[in-house]
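This report concerns only the one structure given below.
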Amino acid sequence: MNIIDKLRNIVMKEQRLLHSHGQGIMGMVHAFNQNEANLPKNYGNVIILCMIKLQAIHMPKFKYFMVDMSYKRVFGEMNEFEFNAYDEDNHIVTFCRIFTNGSDSKIYQCMFTTFFEVYEDLNRNSFLNTFFTKISA
């Protein structure tokens, strides 16, 4: 084992100690749930939106998308929502995941507004313009 491999192993070991649930979505949700007691009691609702540019670019290729509000993989009061579509082979394509601790109409409105704002920011294009251009073409 050369020096680079040894250093890589040391770094990976430290990362596993610091982030036992990883540094992805589940690690972030775990950190939130572990530190929830340290948050101010009136912190209100939390919305965490996870979407990358590649997902935003591919979204207009689909005629329809759906929001799965029944899928819950997280522990505690956090809820997970997915924005999905089916490709031509009937595989589910996920565009976005949103984690929130709220479940009322204001949270849903904020969730959809945030989704379209992030989409437009990542894609540099309005979702409605993209959608209507695709339909009319």
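The values are calculated or read from the model by the stated rules, or taken from the named source; none is laboratory data. A quick note: this is a predicted structure, and the numbers were derived from the prediction, not measured. Reconstructed Cβ throughout: ideal geometry from the backbone, glycine too, with neighbour counts over all protein chains shown.
Across segment 1-38, the number of residues qualifying as over 20 Å from N79 (Cα atoms), hydrophobic (A, V, I, L, M, F, W, C) and at pLDDT 75 or above comes to 7. Restricting segment 112-137 to residues that are outside any helix (DSSP H, G or I) and surrounded by 11 or more Cβ atoms within 10 Å (Cβ to Cβ) leaves a set whose member that is modelled with the highest pLDDT is N125.
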